[in-house]
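Just below is one structure, and these are the notes that go with it.
The values are calculated or read from the model by the stated rules, or taken from the named source; none is laboratory data. Values in this document were obtained by computation on a predicted structure and should not be read as measured data. Cβ sites come from the backbone with ideal geometry, for glycine too, and all protein chains shown count toward neighbours. Protein only, heavy atoms only, side chains kept; ligands, DNA and RNA dropped before computing areas. Shrake-Rupley method; radii C 1.70, N 1.55, O 1.52, S 1.80 Å.
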Amino acid sequence: MVTTLGLAAAGSGRFRENSDRVEKSGAVLLLFLLATLGAQASLSALRQAPSFLVLGAVALFVHGTVLVAGARLSRLSFPLLATASQACIGGVVSAPLVGAVYHPNLAPVGLLLALVGNLIGTYVGLAAAW
């Protein structure tokens, strides 16, 4: 529901006049989200399910292999590859930062890649759960 409302609000263009205020409130909400996620983390749970660590390592290996193979086939640059990878793994928070490290013009690309991945993942996940 939040994804759909956010997508509708972003597409309406209503927030363009107050972009500074919207950006500041968005930054505060992002910090709140990060603090909430960090407060729920428990390192003691790592000992209870080591198979999840192995599964995560395998998933990262497959992710890296597919990205490198795709980059070689399409001749993508390393900065774009790193930004796309971070959009898949890190999401909306870190993809623009990784893109901006390599080139300032890649920050919006990283944000867009992460948002599209988030949108697709939300709806595909809901469809799979249904």
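Annotations for the structure displayed:
- Checking the range 96-119 against the condition returns a match, with at least one residue being in contact with a helix residue (DSSP H, G or I) (Cβ under 9 Å, 6 or more places away or on another chain), touching a residue at least 40 places away in the same chain (Cβ under 8 Å) and not in a loop (DSSP other than H, G, I, E, B).
- Pick from the range 71-80, criterion open to solvent by 30 Å² or more (accessible area, probe 1.4 Å) and part of a helix (DSSP H, G or I), ranking: farthest from Ala100 (Cα to Cα): Leu73
- Of all residues in the range 45-65, those that are open to solvent by less than 60 Å² (accessible area, probe 1.4 Å) and at pLDDT below 80 total 2.
- Scanning the range 84-91 for any residue that is closer than 25 Å to Met1 by Cβ, surrounded by 12 or more Cβ atoms within 10 Å (Cβ to Cβ) and either in contact (Cβ under 8 Å) with a residue 60 or more places away in the chain or touching a Lys or Arg at 6+ places or on another chain (Cβ under 7 Å) (or both) turns up nothing.
- Looking only at the range 81-95, and only at residues there that are of a type outside the set (Val, Ile, Thr) and in a helix (DSSP H, G or I), the one that is nearest to Gly64 (Cα to Cα): Ser85
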